[in-house]
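These notes are about the structure you will find just below.
Each value in this text was obtained by applying a stated rule to the coordinates, not by laboratory testing. As the structure is a computational prediction, the values presented were derived from the model and not from experiment. Cβ placement follows ideal geometry from the backbone for every residue including glycine, while neighbour counts extend to all protein chains displayed.
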C-alpha cells in the first residue's frame, strides 16, 4: 500500500518540480525580455520567434508565462512560508501551554477565519495599497490560522501521548520537549497544509491581480495576463487561453500532489469498494455436489471457511467451522476476540464485511416454509427476504446500531414494513416495545435513541429483531456494552423470549463464559478461527475436554476455580498461525506432538467434540 | 428548540458587535492617516491644509471613543455614513446591491446541492468503479480552475465564439423576469463549478463513512431494501457535514463573488467593494466588510438551527 502511494506521488511530484525549476531558471532560459514592448506587432499569432504569439503590447507571451510563474510562485511560497512559520508557532504555543496562551494565540487566530478570505485580503489592500509586498502579507495573515489550527490539534494529541507525559515527569525542559517530540509528530499534517496553502495562495494572488489589486503592472503575472487578454478577446482568443492553462495546470498539479501526499500519510481514506447490500452476486457461485438434505434441523453449518486479504496474501480467519442447531435450542459460541465467532454469526446472516470472502462450506437453514436453503449461495435479494423475518440479529453496541436521526418507533417498524406489513404498524411497534419491557412504550416509540438508556436501546434492538417471530435469532455479544446489572436484565429478557417463542433457535455469541451457563443448551468453543470443543452446557463446566476451555473457565471471576488465572499470551494473528495446534504456544499441557501436527476435531462422546491430542488426560 | 435558538442568536449578536468593533479599530489604529491615504493617490504628497480639512470633515480629530460611539449608534440606526467620493449614503447603496449578491450566491448554492449531492451519493455507492473515478477526476479538475478562469473562458466560448448567451450584465427582475434569470444563470453556474465539486467531494466521503456505521448493518439485518437503507440510513446521516461545508463556502462566497461579479458585470455588493478599495473610500469599505461579516455570522447561526432540525441530539444537548 505504502509503496503504491509513493509511486502515485511521482507524476505530480515531477510536474511540480518542472514548474518550480522553470520559474527559478527563468533568467537563465533563452527568453525574450517579458516587459519589452513591440507595439507594431501587437496581437500577432504564434511565430518562430514568439512561439505563443505576442500580447496587446507586442510582448512575448511564452516569456511572460514563464516569468509569471516566477512571480506567482514566489508570492505563493513566501506567503505560505510566513503563514506556516507564524501559524505553527501560535498553534504549538496554544496547544502546549493552554489557558491564557491558548486564548491569545489560537482563539485570536480563529477570529481571522470569521472573515471571508478574499474580503480580508481586500481590506489589507485598502490599508496598504496594491503590490507584491501587500499580497504576501495579506495572504500570510489569511493562511496562518489554518496552520495554527492543524498545529494546535496535533500538539494537543501529541501532548497526551504517554512518552511526552513521561518526559515531563522526568523533568525535561519544555523547549526541548517541544523541539524533540512535537515537531516530528506534527510535520506530516503541516506538510499537507503547506502544499494546500501554496495552491490556494496562487489562486488568490491571480484573482487579486486579475482585479488589478494584486501584482502591479508591468510585472508579468498570470492573473494580470488574463485581465489584459480579456480586453482583446475578440481579436486574439488564444491569448486568453495560455495563462488560463498555465494557472489551472499548476494549481491542478499542486492539488494532486497534496491529495497523494495525504493518502500517503493517512491511508485510511482509501475507498473500500461497493457496500454489501448492493451486491447482487452470490457469495459462492458453484453449488456443491449432492442434493440438500431434507430436514437438517434448523441450522447446519458445515466446513465454513472465510478468508481476508492481508500482507501475506489470503489468510483464513475462520477455518472448517461446523455446528448444528435444533428448533428451540440455544447454542453459545464462546471465544476471545479474534476467534472468528462474530464472523461466523455474520456469515449466517449474509452480512460479512466486503473484505471477508467465504471460500468453502455451506450454511443450511430450514425456513418457515420448511424448505432447506444454503445461505452461503443465496442471491442477495433472496437473502434480504429472509433477513429480519426468518433470521434476525442483535448487535453488540446498541448505541451505534440505532440510527440517531430516526425515532425508535420508525426503526422497529422498519422490520415490519420491510416484510410487507403496512397496516397497524404503529400498534404492533408499541406492543413489541411493551413485550421487551420498555416502560411507557407509546412515548418510547416517539423518542429518539439518545433519549433512552443503553439497556433500553438494547431492548429496542431486540424488539426490532423479534418483530416477525424469527426462526433463528443471532445475538452477537448483546450484553458486552452494558452495565453488569443491565446485563442480567437483558439475559433475563432473552430467556423469557425463548420460552415465549417456542420454536425459535438462538445462537448466542459471547466472550463471557459466565453468561453462557444461564442461557445456553450447548456450547461451541472457538479459538483462532477453529472450533476447539463442543459440548452440552453442563458437561463443559463440569468436565472441559480442551485446555483452552479449561483456561477460559479458570479465568471466569464467577467460576468455581480456586484461583483466578489469566491465559498467558494472545490469540495469534491470522497470518502468523503456528504450524501445529493453534493453541499450543499458550497451552500448559502442550507436548512436542502438539507443535508438529494440527490436531483434528474428534468426537469423544455422543454430542461432544474436542480438538486436543491429549483430551483423555483431562478426564 | 426556542431556547436553543435564542441562545445561539445572542451569541451571534455578540459576534456581530465584536466584528464591528474590530473593523472600526483596524481602520483607525493602523499606522497611516486615512485622510492622508485618501488624498495621496498617485504618489504625490498631499497638501497638509487639505488633509486637515478632510480630517475635520470626517471627525477624525475627535477622540477615538467619541468616534466609536458615533459610529456604533449610527450603525444601530442603519446609518453607515457617507461615501467619501460622492457623499452618497452608503447604507442605501448596500441595500440596493446586497440582494443581487445574495441572489447570485443563493442560486449557486442551490444548484451546487442539486448537482453535488446525488453525484456524491452515486460515486460513493460505486466507490472505486468507473463512474466514481470519472466523477472524482472531474471534481479534482473543477476544484483546480480558479473561478475567474471559469468565468472568463465561459464568456469566451459560450458568448464570444458560440454566441449562445450574452457576455454578462444585469436586468432587474421586475423589468424582465426571463432575461433576469438568463443573465443570472451564467455567473451562478460559474460558481457552481467549484462549489458543486466541493459538495460532491464532501458528500462522497461522508456517505462512504456512514456506510460503515453499525446502524446501516442493523437496518440490513432487518431486511430493509437497499433504496430504503440509502434514503433513510445513509443519505440523511451523511448530509450533516455537507450542510456545514456548504454554509462555510457560501460565507466565503459572499466576499468571493467579487471575481464573478467583475467578470459578468453583475452589479452586486462585491463590485461595489472593489470600487471602494480602488478609491480607498474607507467608510464604504468598512460598511461593506461589516455587512458581509455579519451575514457570515448570520449564516453560521442558520447552520446551527439547521443542524438542530437534522439531528435531534443537538436540540436536546
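Structure data summary
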read-out: For chain B, alpha-carbon Rg relative to the globular expectation (2.2 N^0.38 Å, N residues); value: 1.22
read-out: Degrees, to the nearest 10: A:117-128 long Cα axis against longest axis of chain A; value: 30 degrees
read-out: Contour minus Cα-Cα distance for residue A:245 and residue A:187 (0.36 nm per residue); value: 17.7 nm
read-out: Angle between chain A longest axis and helix A:222-231 axis [Cα atoms, degrees, rounded to 10]; value: 60 degrees
read-out: Per-pair calculated FRET efficiency, R0 = 41 Å: residue A:440 and residue A:101 via Cβ, rounded to 0.05; value: 0.25
read-out: Per-residue mean of C-beta atoms belonging to partner chains within 10 Å, peptide A:409-419; value: 4
read-out: Chain B: angle of helix B:64-76 to the longest principal axis, Cα-based, in degrees nearest 10; value: 50 degrees
read-out: Largest-first principal axis extents, alpha carbons of region B:180-305, Å; value: 66, 30, 21
read-out: Among B:291, B:171, B:121, residue whose mean-square fluctuation peaks in a GNM of chain B (springs only between Cα atoms under 10 Å); value: B:171
read-out: Packing-based ranking, highest mean first, of A:26-33, A:201-208 given that Cβ atoms within 10 Å are counted; value: A:201-208, A:26-33
read-out: Cα centroid separation, region A:212-241 to region A:411-436 (Å); value: 67 Å
read-out: The protein assembly as shown shape via C-alpha gyration tensor axes, a/c threshold 1.5; value: prolate
read-out: Relative contact order (%) - chain A, alpha-carbon pairs under 8 angstrom, separation at least six; value: 11 percent
read-out: 26 Å tail of the calculated P(r), region A:349-506, as % of Cα pairs; value: 27 percent
read-out: Cβ-based exposure ranking for A:44, A:250, in which fewest neighbours within 10 Å come first; value: A:44, A:250
read-out: For region A:568-585 and region A:71-111, distance of Cα centres in Å; value: 50 Å
read-out: Cβ-Cβ FRET estimate between residue B:164 and residue A:605, R0 fixed at 56 Å, reported to 0.05; value: 0.05
read-out: Computed [θ] at 222 nm, helices only, for chain A once each DSSP H run of length n ≥ 4 contributes -39500 (n - 2.57); value: -15000 deg cm²/dmol
read-out: Average Cα contact separation per residue, region A:53-266, under 8 Å, 6 or more apart, as relative contact order %; value: 28 percent
read-out: Region B:242-317-region B:159-191 distance, computed between alpha-carbon centres (Å); value: 22 Å
read-out: Residue order, fewest to most surrounding Cβ atoms within 10 angstrom, among A:581, B:138; value: B:138, A:581
read-out: Bins of 5 Å from zero: percent of alpha-carbon pairs in region A:401-490; value: 3, 15, 27, 25, 20, 8, 2, 0
read-out: 10 Å Cβ neighbours from other chains, averaged over peptide A:384-395; value: 3
read-out: Inter-chain Cβ neighbour average for residues B:134-140, partner chain, 10 Å; value: 1
read-out: Kirkwood Rh, Cα atoms: Rg over Rh of region A:53-266; value: 1.09
read-out: Residue exposure sequence - B:88, B:215 - by fewest surrounding Cβ within 10 Å; value: B:88, B:215
read-out: Cβ-derived FRET efficiency at R0 35 Å, residue B:313 paired with residue A:165, nearest 0.05; value: 0.60
